Amino acid sequence: MKFRLISMPRALITGATAGIGAAFTRLLAERKYDLVLVARDLPRMQEQAEGYRNRYGIQVEVLQADLSVLSELARVEERVARLNEPIDVLINNAGFGLNKSFSTSAIDDEQKLLDVLVTAPMRLTHAALPQMRSRKTGTIINVSSVAGWIAGGTYSAAKSYLTVFTESLHTELQGTGVTAHVLCPGFTHTEFHQRGRMKMNGLPSFMWLDADRVVADAWSAAQSGKAISVPGTQYKILSWVSRKAPRGWVRRIGMGVRVRQRR
């Protein structure tokens, strides 16, 4: 058994096994953070955890949880709030999308989307803040989306909440030593769209982002104390246009994108 005399910083990542969550996990492991991985796929987490332990010599916990289930979310909250093994970095990344319009989707699916995209990051952030503020250090990164600036169904609405919530929290925490940052990426090469059965064949290649680059940009921005990051010049332009253009036009474009994804 190996013992370490120096306590390493610790990061908890939700949705840690794929896409942006896995990219955050790699970045933090490379920086010698101990990790707490949260996801539903236990075998995949265990395999990845063993790889990180062997490659980087870090400690890795795995916590299987479906964040749409309140009792399982509560177990993650307890881990985030633990004072004797505090979380220095909280990455709220878990999420999914629905391939149906609101009027045709199942209400239970809509509730799960709201629970994972809104309730879980809100509750985990609230659980992290007391121990971070008492130690006067900590970083919270919430993974939102440029979709939060368009009218693209309940997914867009949930991401809009997360963006505004984090921007507000960033202001509230100034001077405390704790930073809140919101990452708003565009289309990124992950498993997200395949899992949601969304048609993405018609999207031009220049609109796709690399997950590792997205995460590196967000980490740099968060460490610089910035409230928000939008990776990629193309998405910086689109996000600016979507916030400045007439809302009627934004609504038509947003729903048009969603319709094409469902085909």
Discussion item. Just checking my list [x] 188; [y] 131; [z] 116 against volume of the Cα convex hull per residue in Å³ computed from this structure; which label fits?
Written reply: [y]
Response to the item:
Quick note on K159, K32, K226, K112, ordering by fewest other C-beta atoms within 10 Å, gives K32, K226, K112, K159
Worksheet entry | Dipole of the range 10-262, positive direction: furthest Cα of T17, I140, L183, with charges on the beta-carbon | L183
Worksheet item: For the chain, what is the mean residue ellipticity at 222 nm derived from helices alone (per DSSP H run of n ≥ 4: -39500 (n - 2.57); sum divided by total residues; nearest 500 deg cm²/dmol)?
Response: -15500 deg cm²/dmol
Discussion item. Over the chain, how many pairs of lysines fall under 18 Å by alpha carbon, counting only those 8 or more apart in sequence or from different chains?
Written reply: 9
Fill in: Distribution of pairwise C-alpha distances over the range 84-127, 5 Å bins, in %
5, 19, 24, 17, 13, 10, 6, 3, 2, 0
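Each reported figure results from applying straightforward, stated rules to the coordinates on display, with no laboratory input. Here the structure is a predicted model, which is why all the values come from computation and not from measurement. Note that each Cβ is placed from the backbone with ideal geometry, even for glycine, and that neighbours are counted across all protein chains shown.
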